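This report refers to the structure that appears directly beneath it.
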2 protein chains.
Amino acid sequence: MLTLHSPRHALHHGTELKDGTIKPSFEHPQRADTILAQVRAAGLGELRTEQPHDRAALVAAHSERYVQFLETAWARWTATGRQHDALPLVWPVREGGQAPEPEHIDGQLGFYAMDAGAPINGGTWPAVQASAHVALTALDAVASGEQRAAFALCRPPGHHAGPEYAGGYCYLNNAAIAAQHARTLGVGRVAVLDVDFHHGNGTQAIFYRRPDVFFASLHGDPLRSYPYFWGHADETGAGEGLGANANYPLPHGTDWAAYSPVLTQALARIRAHGAELLVVSLGVDTFEHDPISHFRLRTADYLRLGQQIASAGLPTVFVMEGGYLVDDIGRNVVNVLRGFEDA
Amino acid sequence: MLTLHSPRHALHHGTELKDGTIKPSFEHPQRADTILAQVRAAGLGELRTEQPHDRAALVAAHSERYVQFLETAWARWTATGRQHDALPLVWPVREGGQAPEPEHIDGQLGFYAMDAGAPINGGTWPAVQASAHVALTALDAVASGEQRAAFALCRPPGHHAGPEYAGGYCYLNNAAIAAQHARTLGVGRVAVLDVDFHHGNGTQAIFYRRPDVFFASLHGDPLRSYPYFWGHADETGAGEGLGANANYPLPHGTDWAAYSPVLTQALARIRAHGAELLVVSLGVDTFEHDPISHFRLRTADYLRLGQQIASAGLPTVFVMEGGYLVDDIGRNVVNVLRGFEDA
Ligand SMILES: [Zn+2]
Ligand SMILES: [Zn+2]
């Protein structure tokens, strides 16, 4: 399988508010380096770096003002004399959700965020932009028919980033940008399947009112798992998008035996939707030893996960999301891709 | 003037997410100690400590589940092995505002918050409860007719705390609890006047749909000042409360000459509403040297502020809110109270 990646991911490494204190993010550069090394060692196929794409491909999935915010936030934050990573401090909850965009950078940081886990520093924007370009380049290779499938080794990840908010280590939603790019290139119906442990709230929000991009997600029940406020089964889309959103919240401790039949359901919904291209938000934080998640998939299960996804018979772009146990994530990712190829 | 206070305020001292890092809160115990010392030195009048009040007086202004959350949050946070102050990490923004209450303490911390500036530790609840009791005891003294006015030296402050969220150093909304207590005791119409530099978003939210409690606030324009998402002039109440909310956002650099005529307008609205009792959310972070705010009131202006509030001719309870330049806040508070008494 073709793998797309970018060395620019390493420009971004930040801190997060966790356990009541500021810590280096669990989402750190070693993650992508390990995955790339394992892809290489496994001889999975060709490796390419990203092709630049027009900004238009980013604002097709996000608002113009949000992309502009990401581009300029660090400069505006440091212009006020601050040197730590930019982190928001106040959020537009409840009636505050109706408020206009604040002018002050401190207000904008909260306006364009849903948590305190998406720090912005000097390396963030170039890495975020490159990560989106990795996904776009992978999509190009598949949509053109050159490849049956491709793996976009994106970092930072993207699936928590909404139409105009960052959060959960995510800034631009690489999977949504890729899915939208497929639409722009003329693919009629697209599906995004999210198998990260955490609900892909950002992807859901971007396509929630649209019938042309189906979103399905298997994830830890938001009553007990991050992101807590999105991912319930009764979130099924709205307006013209009603019925084009399928959430499968699963209990802590879910293993492959419990997971696989639900994945079968999700794939059946995707087929019924008539999708012609599949984007997979690939997180391997469903792993039994993941340090921040609560499912129990084993390394061998990821081969089966890849096989099962292949059974949909669709041109497929895998987009890297989460997975935080550095030593094992590479192996588990390679197993998904190998399972897909060998199916 | 009678002053109510509680030594239990000192039990609470926390940290906050500010400038991208965790710092000790600007809202620290010395604030209340300094004010109390100045009130004593000025010979302002009798000093009393708080009388316990029923929990019912708290849940008359906040939701039952929120009060229960505050009572138990620290125990539940530490039960998960964490030792730093409990701070939220993810917020129910946008569509997330429709989500049910999460079961996990980490989700609940965000569900019941609007910023990362209301840390919870072992001393928080006893101090918060005492602070509300200080306000209730002051209200009792005025509503009974025993006193024409009283000063509730509350700490932690309260005006950012909404029906079920903490934020901005605030947990229980002492001013709203006092205003509601006046209603419970039979006062027909009540007004809350908020002269803190920051918009009293919590008080506004608690009474936003009610015609019986008028809320007026003079504050830094939320486009440029915390809390950023509330406090615009077009927020005028809703439903039966339409017209009973008046916001006066003012530009950075506002001095007494610009402030006083706006205060006159706010007091005219309060009179027109027919209020029989006035609760003043008294912040002195409007001071020219306040470290986190941007108005330019001077120490002598606070005498005039007190005089002008007295001109409403209403039984009045002053409830302490913000003000962060420790050396001067005591003097400025005493000037407001003395100005009121001498009017
Ligand atoms: Zn994840
Ligand atoms: Zn204030």
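The values are calculated or read from the model by the stated rules, or taken from the named source; none is laboratory data. Predicted, not measured: the structure shown is a model, and the values here were computed from it. We place every Cβ from the backbone using ideal geometry, glycine too, and count neighbours over all the protein chains shown. Remember, those area values only see protein heavy atoms, side chains included, never the ligands or the DNA or RNA. Shrake-Rupley method; radii C 1.70, N 1.55, O 1.52, S 1.80 Å.
In this structure, B:Ala300 and A:His252 have a Cβ-Cβ separation that, at R0 = 56 Å, corresponds to a calculated FRET efficiency of about 0.35.
With protein chains left intact and a 1.4 Å probe, residues in region A:39-127 average 40 Å² of accessible area per residue.
Take the alpha carbon atoms of region B:194-227, find their center, do the same for region B:1-74, and report the distance between the two centers in whole angstrom. Rounded to whole Å, the Cα centres lie 20 Å apart.
Using the alpha carbons of chain A, what is the convex hull volume per residue in cubic angstrom, as a whole number?
Numbers: hull volume 41.7 nm³, N = 343.
Given the Cα convex hull of chain A, per-residue volume reads 122 Å³.
In order along region B:295-302, the phi-based Karplus estimate (6.51 cos²θ - 1.76 cosθ + 1.60, θ = phi - 60°) of 3J(HN,Hα) comes to 9, 10, 6, 10, 3, 5, 5, 5 Hz; Gly and Pro are listed as x. Per residue, chain B reaches -11500 deg cm²/dmol at 222 nm when only DSSP H runs of four or more residues are counted, each adding -39500 (n - 2.57).
The alpha carbons of region B:54-190 give a radius of gyration and a Dmax of 15.8, 50 Å, in that order. Computed on the Cα trace of the protein assembly as shown, the radius of gyration divided by the Kirkwood hydrodynamic radius gives Rg/Rh = 1.04. For chain B, modelled as a GNM whose springs connect Cα atoms under 10 angstrom apart, the maximal fluctuation among B:Ala41, B:Ala132, B:Ala216 occurs at B:Ala41. Under 5 Å between amide hydrogens, which residues at least 5 positions from B:Val280 or on another chain qualify, with H placed 1.01 Å from N in the peptide plane? Placed amide hydrogens put B:Leu193, B:Val317, B:Phe318, B:Val319 under 5 Å from B:Val280. Cα centroids of region B:255-315 and region A:117-147: 53 Å apart. Remark: spin-label model distance B:Arg48-B:Ser144 equals 0.5 nm, labels positioned 7 Å along the Cα→Cβ axis.
Taking label points 7 Å from Cα along the Cα-to-Cβ direction, A:Arg224 and B:Glu103 give a separation of 0.6 nm.
For the chain pair B and A, the interface hides roughly 4200 square angstrom of accessible area in total, found with a 1.4 Å probe.
Please compute the net charge surrounding A:Ile105, taking Lys and Arg as +1 and Asp and Glu as -1 over other residues with Cβ under 12 Å from its Cβ.
Working: positive: A:Arg76, A:Arg82, B:Arg224; negative: A:Glu101, A:Glu103, A:Asp106, B:Asp19.
Computed value for this residue: -1.
What per residue convex hull volume, in Å³, do the alpha-carbon atoms of region A:144-295 yield? Spell out each step's value before the answer.
Details: hull volume 17.1 nm³, N = 152.
Dividing the Cα hull volume of region A:144-295 by its residues yields 113 Å³.
Chain A residue nearest the axis that carries A onto B, by Cβ, with distance in whole Å, is A:Trp91, 2.
Give the carbon-plus-sulfur fraction of the accessible surface of region A:232-343 in %, rounded to a whole number; probe 1.4 Å, heavy atoms of protein chains only.
On the way: 1990 of 4080 Å².
The nonpolar share, carbon plus sulfur, comes to 49 percent.
Across region A:194-205, coupling constants 3J(HN,Hα) worked out from phi with the 6.51/-1.76/1.60 Karplus curve, θ = phi - 60°, read 10, 10, 5, 4, 9, 4, x, 4, x, 4, 3, 5 Hz, and Gly and Pro carry x.
Taken per residue, the accessible surface of region B:202-298 reaches 35 Å², heavy atoms only and a 1.4 Å probe.
Computed over chain A with a Gaussian network model linking Cα atoms closer than 10 Å, the most mobile of A:Pro222, A:Pro92, A:Pro249 is A:Pro92. Over all orientations, region B:1-122 has a Cα convex hull whose mean projected area works out to 9.9 square nanometres.
Any residues in region A:64-97 that have 30 Å² or more less accessible area with all protein chains than in their chain alone, probe 1.4 Å, and which are they? Listed by number, the residues meeting the 30 Å² cut-off are A:Arg82, A:His84, A:Leu89, A:Val90, A:Trp91, A:Pro92, A:Val93, A:Arg94, A:Glu95. Here region A:1-79 exposes an accessible surface that is 53 percent carbon and sulfur, computed with a 1.4 Å probe and the other protein chains kept in place.
Counting only other chain Cβ atoms within 10 Å of each residue's Cβ, the peptide B:225-238 averages 5. A convex hull fitted to the Cα coordinates of region B:215-343 yields 101 cubic angstrom per residue. The share of C-alpha pairs in region B:260-333 whose separation exceeds 13 Å stands at 68 percent. Run the Debye formula on the Cα coordinates of region B:141-220, all scatterers equal and no solvent, and tell me log10 I(q)/I(0) at q = 0.14, 0.19, 0.27 1/Å. The calculated log intensity ratios at q = 0.14, 0.19, 0.27 Å⁻¹ are -0.45, -0.82, -1.40.
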